[in-house]
Amino acid sequence: MIVRIMGEGQLDIAADDLTALGELDDLLEEAIESGDEARFRGALHGLLDKARAVGKALPEDSLEPSELILPPADAAMDEVRKMLGDEGLIPD
């Protein structure tokens, strides 16, 4: 699956790694629902760090369509809340 981290580029993430990302996405949603900024920031960074760790970076000139878009590390809680779909950032 091709994933774009806004402001960073695209990653190719194996389907097997999406489960772990989905669990981190759940933590991010819970942090947003609680309104706890520190918890939100930790959850967002955890999700992005995991995506970077398991993903294979695509060349900058790649024209692959992104199947998922993740917010940048410095995104505000309200920005991420607006990006959430019915299934969060990472669909089940």
Karplus-derived 3J(HN,Hα), 6.51/-1.76/1.60, for each residue of segment 20-33, Hz, glycine and proline x: 5, 5, x, 5, 5, 4, 4, 5, 5, 4, 4, 5, 5, 4
Any residue on another chain or 5+ positions along whose placed amide H is under 5 Å from the amide H of Leu58 is listed here as Gln10, Leu11, Asp12
J(HN,Hα) series, segment 78-90, from Karplus relation 6.51 cos²θ - 1.76 cosθ + 1.60, nearest Hz, glycine and proline x: 5, 4, 5, 4, 5, 7, 5, x, 5, 10, x, 7, 10
Calc'd 3J(HN,Hα), segment 70-76, phi into Karplus 6.51 cos²θ - 1.76 cosθ + 1.60 (θ = phi - 60°), Hz, glycine/Pro = x, comes to 10, x, x, 4, 9, 5, 7
With only helices counted (DSSP H, runs n ≥ 4, each -39500 (n - 2.57)), the per-residue ellipticity at 222 nm for the chain, to the nearest 500, works out to -14500 deg cm²/dmol
Which FRET efficiency, nearest 0.05, do Asp78 and Asp49 yield, Cβ-Cβ r, R0 25 Å? 0.70
Computed over the chain: longest principal axis from alpha-carbon atoms vs helix 37-54 long axis, angle to nearest 10 degrees, is 20
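Rule-based calculations on the coordinates, nothing more; no lab input. Predicted, not measured: the structure shown is a model, and the values here were computed from it. No Cβ is skipped: glycine too gets one built from the backbone with ideal geometry, and neighbour counts run over all protein chains shown.
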